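Q: First the structure, then my questions, so here it is.
Read-outs: derived from the displayed coordinates by stated rules, not from any lab. Computed from a prediction, not measured in an experiment: that's the story for all the values here. Note that we place each Cβ from the backbone using ideal geometry, even for glycine, and neighbour counts take in every protein chain shown.
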Amino acid sequence: MFKNKIILIVGGTGSFGNAFLKLIIKKNFKEIRILSRDEKKQDDMRKTFLNNKIKFIIGDVRDSNKVFNACEGVDYIFNAAALKQVPSCEFYPLEAYKTNVLGVMNILNASEYHKVKKAIFLSTDKAVYPINAMGISKAMMEKLVIAKSRESKFTKFSITRYGNVMGSRGSVIPLFVNQIIKNEPITITNENMTRFLMSINEAVKLVLFALKYGKGGEIFVQKSPASTIKIISKSVKYLMNRQDHKTINIGVRHGEKIYESLLSSEEISKCISKKNFFIVPPDSRDLNYSEYFEKGQKLNKNLNGYNSNSTKQLNLKETILLLRRLELFNKI
């Protein structure tokens, strides 16, 4: 799939970019381009991978000229660039819009112009029934990708949705670990809050699945277990041998959900289940007014959405076993 191909990872210095490179670094690709704003992280990656087929481009996804130039000659694009801190986006929603919506529009236009074969866009559970600015911007991003896929004559655009990626930057598990290391109390917003548990390698494999099977306009979701924040915090304390470490409840933060939704009830009623994945096919109807507004489309029987309350719930022992595999705990 990657033989003699040029790959562009936008926002590629984060958790996804590093995990993706580790997984495919031995493949026979022609070139991998990393476009991001963070020159320090680019330098760290350069020293880590020591591979002259990895090219680093300093730039912002908001800069249409930079994105346009970076896409020239590219076969596959993976977009991981995003503003994704929920509280920050609540206070600066326009900034979320500029990166998560306008930035994606730049990639879509450049991909189509340069005849990129496939482009995969990373989304989030927060795009389903969005209640915060980050989720709204990601939901709008998804709509842009799906709309562009309808008119694209060459490039195939697809979306992957994640829940909580364990150990990724800004997620709850590294927060708990750092609080214990600093001897600060673990802060829990709501102990009954549930979160999907997905490893970063699983996130990369979901993207590769979308790359292989994407025909344009689909949303790909991995079936994942979940656990409560209370159990997750207890698991972290157990793995760090600090079972008596203090925990305090600080209340729900700005724009925070009690549970994660990866598929709405409307989406799951028409999605395709394939092994460990759900695939939501695009709505292929055009804007024929009589059909679009009067006839509608028949759906399967009404089902509940796919969320972190309705999926398999892990107990304490199962959660500990899952978290123990994380590289984070091997370093402690």
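Q: Tell me, which helices (runs of 4 or more DSSP H) lie completely within the range 1-89 with 2 or more residues that are of a type outside the set (G, A, S) and under 22 Å from the mean Cα position of the chain (by Cα)?
A: Working: elements: 15-24, 39-49, 64-70.
Answer list for the range 1-89: 15-24, 39-49.
Q: Can I ask one more? Select, from A80, A110, the only residue that is closer than 18 Å to S149 by Cβ and of a type outside the set (D, E, K, R). I'd like the intermediate steps shown before the answer.
A: Working: A80 fails: closer than 18 Å to S149 by Cβ.
The match here is A110.
Q: Here's something else I'd like to know. Name the pairs: first residue in the range 246-272 and among the aromatic types (F, W, Y), second residue in a loop (DSSP other than H, G, I, E, B), Cβ to Cβ under 8 Å, at least 6 apart or on different chains?
A: What qualifies is Y259/M193; Y259/S308; Y259/N309.
Q: Among the residues of the range 240-282 satisfying the criterion of being of a type in the set (K, R) and within 30 Å of F209 (Cα to Cα), which is surrounded by the fewest Cβ atoms within 10 Å (Cβ to Cβ)?
A: From the range 240-282, those of a type in the set (K, R) are 242, 246, 253, 257, 270, 274-275; that's our starting set.
Right, trim to within 30 Å of F209 (Cα to Cα) and you get 257, 270, 274-275.
Details: K257: 22, K270: 14, K274: 12, K275: 7.
Only one residue tops the list, namely K275.
Q: Same structure again: Which one is nearest to F68 (Cα to Cα) among residues in the range 109-127 that are part of a helix (DSSP H, G or I) and of a type in the set (A, V, I, L, M, F, W, C)?
A: In the first step, residues of the range 109-127 are kept if they are part of a helix (DSSP H, G or I); the result is 109-114, 125-127.
Pick out the ones that are also of a type in the set (A, V, I, L, M, F, W, C) and you get 110, 127.
Working: A110: 5, A127: 26 Å.
Per the criteria, the residue is A110.
Q: Taking S199 as the residue in question, decide whether it is closer than 17 Å to D125 by Cβ and without any contact (Cβ under 8 Å) to a residue 12 or more places away in the chain. Quick ask: steps written out before the conclusion?
A: Numbers: closer than 17 Å to D125 by Cβ: yes; without any contact (Cβ under 8 Å) to a residue 12 or more places away in the chain: no.
In short, no.
Q: Suppose the filter is among the small types (G, A, S) and within 18 Å of L206 (Cα to Cα); does A119 pass it?
A: For A119, the condition - among the small types (G, A, S) and within 18 Å of L206 (Cα to Cα) - is met.
Q: For the range 215-232, which residues satisfy the criterion of being over 16 Å from the mean Cα position of the chain (by Cα) and not in a helix (DSSP H, G or I)? So that I can check it myself, show each step before the final result.
A: Our first condition is that a residue be over 16 Å from the mean Cα position of the chain (by Cα); within the range 215-232, this holds for 215-217, 225-232.
Those that are over 16 Å from the mean Cα position of the chain (by Cα) and not in a helix (DSSP H, G or I): K215, G216, G217, P225, A226, S227, T228.
Q: Still on this structure: Where residues in the range 205-239 are hydrophobic (A, V, I, L, M, F, W, C) and under 15 Å from G163 (Cβ atoms), which of them is surrounded by the most Cβ atoms within 10 Å (Cβ to Cβ)?
A: Ranking the candidates gives I232 first.
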